[in-house]
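The structure is given below, and queries will be raised subsequently.
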Amino acid sequence: MGFVHQFWQLTIDGLMSGSLYAVIALGYTLVYGVLQLINFAHSEVFMLGAFGGLFAARELVNNFSDTPSGMASVGIVLVGLAVGALCGAAAAFTLERVAYRPLRKRNAPRLAYLISAIGASLFAVNMAGKLWERQNVTMELPFTNGTVFHVFSAEVNTKTLVIILVAAVMLVLLDTLVARTRLGQSIRAVAQDADTATLMGVNVERVILLTFIIGGLLAGAGGFLYAMTFSASNNMGFIPGVKAFTAAVLGGIGNVRGAMLGGIVLGLVESYGGYVFQASYKDVIAFLVLVLILMVRPTGLLGERLGRAA
Amino acid sequence: MSTTSATPATPSVAPTPPPSQPGGAAALGRAAAAALFSLAGLRQLGVCVLIGLTLALMTGPNGKAAEPLGAVRHAILAPRIVTYLIIAAVLWLLIALWPLARPLWSMGQAAARGPVTAVAQQRFAPLGLNLALLIVAIIMPMFFSNAAVTWMVDGVGIYALLALGLNVVIGYAGMLDLGYIAFFAIGAYTTAYFTSKTAISAHFPVSLNPFFVFPIAFVLAAVAGVLLGAPTLRLRGDYLAIVTLGFGEIIQLIANNSHWTNGPRGAFGVPHLSIHLLGINYSWKLDPKPYYYLLLAIIVLVMIAFGRLERSRIGRAWAAIREDEIAAEATGVPTLRLKLLAFAIGASVSGFAGVLFASKQFFNPQIFSLQASFLVVTIVIFGGMGNRLGVVVGSVVLQGLAFYLRDKVPATDRFIYFGAVVIVMMIFRPQGIVPSRRRKREISLAEHGVGHADSLGSAPTSESGAR
């Protein structure tokens, strides 16, 4: 089977992982917007959300004797998403309070933030390993996974469809939030110039905290989607984290729509590349993309937009 | 700074009670109650209880994935929680009552220090201190078991050498390298490639003595560092952290998947170090002590070399970059090249350490994990970035504790504590336990809005105008 034959299937797979990267990348890009910092522990927010959502949904699925269907399936997915998002938000909140805020109060050098985020990441990964074993934890799907429809030669199954749909809804919601609401306006104001925003009556501390929480909600929900389809483990966050960061840089750091585009482009590139090269080297592709972007177009596809409308 | 403020207080002979307590014990009690049960005091209580609960979780039993809340229940809803609540209460009392005790403390300190400071201020000759430490390091292995000496090589020594290298990146240049162990892996695999025909599938036509691989690995790691750093550093310092993070993972991935590196099985039978020179025939075998002394000699040499580097033109240029990159650039310091140089020097030390490690023992890709990179970062931060002695002390203390507690704390749980240590250090003592004076001053200056104390900002030559 040649590449042409596989093209549509690879596209679908790429869209699926790409939409997950996009959801995580938003957390990086939003925090980078307001603080000009890479939040290294964001991948752990994703991981904790994944565990939370997985445990909640698994509990519900276990109550059914056979695979749930209809409204029950929808309900379970929604509960998983909600619990995952809440766990992610709680993790992001704690992270901001413990690892970032004390440093911000002291006006610490930026190196200190990066290092304390690494500490938080190390702590969270190993704590999760201690609490929930260091192995892959899986759950049974809350719905029957069948082919829903065909795109040319490619099959689109329920799992893929759920991920792409949920991610799309989240991306649209976030875009609206940043572009149209008062909170979004204050996030953009802080990203543009925190000092001036303070003078204009924006509560910067609150905006920073809320930015972390929004990133956490998205990452947590994304984590549940990931855990539902693949598995959850204490070090699951690392690779999606690096890839999502790549996506954020690819789209232009600080640029909300850029992160979405970057995620999808990265997912597609990786999917095609994984077919052309060996599948085990798939993770290398994202890294090469990152280095190439830095060399060729460091401001990303849509350009860095710290502080402008999405 | 602290001594100048303390010296005027020396004449005070009898410690008088703190000025704010005219009524004695009753007033003190009232003040204490006010401090404890104020809004701030109760907030502190909350924080302390949370710290206690976290400690209980950290030290608690391991959980199961099948029962998500099991570990939490066994750790917190169990009699053992009483201990941790007591710890939390004591911590709270200490924190909340500290403002009341501070006047007493500073007075006692002044009285104790006053006459001594004059002598202590004549800066204890660092040479004497270093020599004393060196002698301790030389005689130490004689008092320890073989297992402990093995750990002093694999755990403490190698990591001290790695930390010295990473210190150039973090401490001197003010950047962050999170894939540092990748260069160590490059060194180790280079050794396997050049010294043996059987260690890994790929091999050099001629088997070399591991000593000849030192310069090769040194250069290869530096080249890898430059290739990685050049596209990244041009842009923003903080991108370097994530690029190196990815690189570290890629190297491990390749080592694990390529048939040239023997995949997950790793490399067997890399020859030990040996000298055949001028009639001397000596080889390092299984006994850890000769490795220990070799490593000690290398560490001492590296420390001396880096000390000279720190005080050289290059070292001063690094300091200038950390303190104000734009000003440094404006005065003609080639910032990009110097940052790249720091990164390459750090990488080559790591490659060098890799050769030493590979020639001593069997290794597989597991060893070059992300956590190993983080461990080196932790050691540098804990010890004191920018201070050569500090990072070695950091390695000795952290890895020593890890060895001492090896039966009580499982190896996998160690990193929970390392993570906590890193956060606590960053919050309370970013300069580390043995701070470099200059670095400490820079950090406190940066906190008051002067300079940056790192070189993570966008370089002045980058396209910041394009925004």
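Can you tell me the FRET efficiency between A:Phe7 and A:Asp175 if r is taken as the Cβ-Cβ distance and R0 is 30 Å, rounded to the nearest 0.05?
With a Förster radius of 30 Å, E is 0.55.
Please sort by residue number the chymotrypsin sites (Phe, Trp or Tyr not before Pro) in the range A:135-235 whose DSSP state is loop and whose Cβ has at most 11 other Cβ atoms within 10 Å.
A:Phe152
Pop a pseudo-label 7 angstrom from the Cα along the beta-carbon direction at both A:Thr198 and A:Asn136 and give the gap in nm to one decimal.
Between A:Thr198 and A:Asn136, the simple spin-label model gives 4.9 nm.
What ranking do A:Lys282, B:Lys408, A:Lys105 get, fewest neighbouring Cβ atoms within 10 angstrom at the top?
B:Lys408, A:Lys105, A:Lys282
Work out, in µm²/s and without decimals, the Stokes-Einstein translational diffusion coefficient of the range B:311-467 at 4 °C, 1.567 mPa s, Rh from Kirkwood over C-alpha pairs.
73
May I ask for the net charge around A:Gly274, where only other residues with Cβ less than 12 Å from the Cβ of A:Gly274 are counted and Lys, Arg are +1 while Asp, Glu are -1?
Counting the neighbours of A:Gly274, the net charge comes to -2.
Return the Rg/Rh value of the protein assembly as shown, two decimal places, where both radii are evaluated on C-alpha atoms and Rh is the Kirkwood radius.
0.98
In a GNM of chain A with a 10 Å cut-off on Cα contacts, which of A:Thr246, A:Thr196, A:Thr160 has the highest mean-square fluctuation?
Result for chain A, Cα springs under 10 Å: A:Thr196 fluctuates most.
Below 15 angstrom from the Cβ of B:Leu286, what's the summed charge of the other residues (Lys, Arg +1; Asp, Glu -1)?
+1
Between B:Phe363 and residues 5 or more places away or on another chain, which pairs have amide H atoms under 5 Å apart, with H built 1.01 Å from N, and which residues are they?
B:Ala267
Under 5 Å between amide H atoms, partner at least 5 residues away or on a different chain: which partners does A:Asp193 have, H built in plane at 1.01 Å?
Long-range HN contacts for A:Asp193: none found.
For A:Ser69 and A:Ile239 in one chain, what is 0.36 nm times their gap in residues minus the Cα-Cα distance, to one decimal in nm?
That works out to 58.0 nm of additional length.
To continue, here is another question. Taking chain A as a Gaussian network, where each spring joins two C-alpha atoms under 10 Å apart, which residue of A:Met71, A:Met16, A:Met139 fluctuates the most?
A:Met71
Given a Förster distance of 56 angstrom, what is the FRET efficiency for A:Arg101 paired with B:Leu294, based on the Cβ-Cβ distance and rounded to 0.05?
0.75
What is the set of long-range amide H partners of B:Leu273 at a cut-off below 5 Å, with H atoms built 1.01 Å from backbone N?
Correct list: B:Trp284.
Across every pair of different alpha-carbon atoms, what Kirkwood hydrodynamic radius in Å does chain A reach?
Every distinct Cα pair counted, the radius reaches 19.7 Å.
Could I ask something else about it? What translational diffusion coefficient, to the nearest whole µm²/s, does the range A:227-294 have by Stokes-Einstein, given a Kirkwood radius computed over alpha-carbon pairs, a temperature of 37 °C and 0.692 mPa s viscosity?
264
Let me ask another. Quick one: net charge of A:Tyr100's neighbours, Cβ under 13 Å, K/R +1, D/E -1?
+4
Still on this structure, please answer the following. Given a Förster distance of 56 Å, report the FRET efficiency between B:Thr198 and B:Ala34 from their Cβ-Cβ distance, rounded to the nearest 0.05.
In this case the efficiency is close to 0.15.
Where a number appears in this text, it was derived from the coordinates with a stated rule and is not lab data. No experiment lies behind these values; they were computed from the predicted model shown. When we count neighbours, we look across all protein chains shown, and the Cβ atoms used for this are built from the backbone with ideal geometry, even at glycine.
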